[in-house]
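Q: Following this message is one structure expressed as structure tokens.
The values are calculated or read from the model by the stated rules, or taken from the named source; none is laboratory data. Predicted, not measured: the structure shown is a model, and the values here were computed from it. So basically every Cβ, Gly included, is an ideal-geometry build from the backbone, and we count neighbours across all protein chains shown.
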Amino acid sequence: MIPTFDFNNILNSVASSNKPPLHLWNPELSGDIDITIDEQGVWRHCGDIFKRAQIPNLFSRILCKEAGEYYLKTPVEKWRISVADVPFYFIHFEKLQKNDTQVLSFVSLNEDVIELSDTHPLRVSINAETQEPSPYIQVRDGMEGKLSRNLYYQLVDMAINDEQQQRLYLQSHGSRFLLGAY
């Protein structure tokens, strides 16, 4: 049996808000669905990329993480999906000024907008074999997003260089975030 979603139910649930109250929804597990998110945030169904960007954008609003697994959840359904690394992939940023404070605002493939802050901190993971850095930002409810390689290099170019500690930092919302050491 191929799982199906009640799209009207999903649309009604998220129509009034970008962030539906997933924490209030407790349906039983409906099963597994062949939806995957690859390392670069591309959503696929049965191996094929979704042709309409609105579908992954909508699904990203009802995505949750429970006990290390990812689910698409509505008030009446809960489907497990597969995520290769993290579900969000950030491809753009803007440097803004808010109340005389620099703010770095990031935009994902699914149009999520996250401001780097103490609530949404940055972490950089270093691959033990290649020493390649992978930067991540906290999105919501224990879920993270990966910053694209191009975005990472743009951030390195604008980073604050602390020569004494041999570290690069980003400044946002009045806090410093470690981008890397050299």
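Q: Taking only region 81-94 into account, find how many residues are in a strand (DSSP E or B) and either surrounded by 14 or more Cβ atoms within 10 Å (Cβ to Cβ) or assigned by TED's automatic domain parsing to the domain that holds D34 (or both). Break it down stepwise before answering.
A: To start, the set of residues in region 81-94 that are in a strand (DSSP E or B) comprises 81-83, 88-94.
Still in the list and also either surrounded by 14 or more Cβ atoms within 10 Å (Cβ to Cβ) or assigned by TED's automatic domain parsing to the domain that holds D34 (or both): 81-83, 88-93.
Looking only at that region, the number is 9.
The rows are residues; the columns are (1) in the same structural domain as G174 (by TED's automatic domain parsing); (2) out of contact with any helix residue (DSSP H, G or I) (no Cβ under 6 Å at 6 or more places or on another chain); (3) modelled with pLDDT under 95.
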position	(1), (2), (3)
M1	no, yes, yes
L29	no, yes, no
Q102	yes, yes, no
N110	yes, no, yes
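Q: Return the residues of region 35-70 that are within 18 Å of P21 (Cα to Cα), touching an Asp or Glu at 6+ places or on another chain (Cβ under 7 Å) and touching a residue at least 60 places away in the same chain (Cβ under 8 Å); say none if nothing qualifies. Outline the logic, then answer.
A: Step one: filter region 35-70 for residues within 18 Å of P21 (Cα to Cα), giving 57-66, 70.
Now drop any that are not touching an Asp or Glu at 6+ places or on another chain (Cβ under 7 Å), which leaves 57, 60, 64-65.
Of everything in region 35-70, those that are within 18 Å of P21 (Cα to Cα), touching an Asp or Glu at 6+ places or on another chain (Cβ under 7 Å) and touching a residue at least 60 places away in the same chain (Cβ under 8 Å) turn out to be C64, K65.
Q: Let me ask something additional. What's the total number of residues in region 40-80 that are part of a strand (DSSP E or B) and not charged (D, E, K, R)? So that I can check it myself, show each step before the final result.
A: Filtering region 40-80 for residues part of a strand (DSSP E or B) gives 43-45, 48-49, 63-66, 69-73, 78-80.
Among the residues that remain, those that are also not charged (D, E, K, R) are: 43, 45, 49, 63-64, 70-72, 79.
Looking only at that region, the number is 9.
Q: Of the numbered conditions (1) at pLDDT 90 or above; (2) loosely packed, with under 15 Cβ neighbours inside 10 Å, K19 fails exactly one; give the number of that condition.
A: Single failed check for K19: (1).
Q: Same structure again: From the residues in region 127-160 that are more than 19 Å from the chain's Cα centre (by Cα) and within 16 Å of Q102 (Cβ to Cβ), which one is surrounded by the most Cβ atoms within 10 Å (Cβ to Cβ)? Working first, answer last.
A: Looking only at region 127-160, we keep the residues that are more than 19 Å from the chain's Cα centre (by Cα), and these are 127-132, 156-160.
Subsequent filtering for residues that are within 16 Å of Q102 (Cβ to Cβ) retains 157-160.
On the way: D157: 7, M158: 14, A159: 17, I160: 12.
Here the answer is A159.
Q: Now a separate question. Of the conditions (1) buried (at least 18 other Cβ atoms within 10 Å of the Cβ); (2) over 24 Å from S134 (Cα atoms), C46 satisfies every one except a single condition; which number is it?
A: C46 satisfies all of (1) buried (at least 18 other Cβ atoms within 10 Å of the Cβ); (2) over 24 Å from S134 (Cα atoms) except (1).
Q: Can you tell which of N110, N150 is assigned to a loop (DSSP other than H, G, I, E, B), touching a residue at least 12 places away in the same chain (Cβ under 8 Å) and closer than 19 Å to V42 by Cβ? Outline the logic, then answer.
A: Values: N150 fails: assigned to a loop (DSSP other than H, G, I, E, B).
That would be N110, the only listed residue that is assigned to a loop (DSSP other than H, G, I, E, B), touching a residue at least 12 places away in the same chain (Cβ under 8 Å) and closer than 19 Å to V42 by Cβ.
Q: Would you mind stating whether K73 is surrounded by 12 or more Cβ atoms within 10 Å (Cβ to Cβ), farther than 28 Å from L178 by Cα, in the same structural domain as W25 (by TED's automatic domain parsing) and touching a Phe, Trp or Tyr at 6+ places or on another chain (Cβ under 9 Å)?
A: Details: surrounded by 12 or more Cβ atoms within 10 Å (Cβ to Cβ): yes; farther than 28 Å from L178 by Cα: yes; in the same structural domain as W25 (by TED's automatic domain parsing): yes; touching a Phe, Trp or Tyr at 6+ places or on another chain (Cβ under 9 Å): yes.
Answer is yes for this residue.
Q: For region 127-147, name all the residues that are touching a residue at least 12 places away in the same chain (Cβ under 8 Å) and in a loop (DSSP other than H, G, I, E, B). Can you show your working first?
A: Step one: list which residues in region 127-147 are touching a residue at least 12 places away in the same chain (Cβ under 8 Å), which gives 133-147.
D141, G142 - these are the residues of region 127-147 that are touching a residue at least 12 places away in the same chain (Cβ under 8 Å) and in a loop (DSSP other than H, G, I, E, B).
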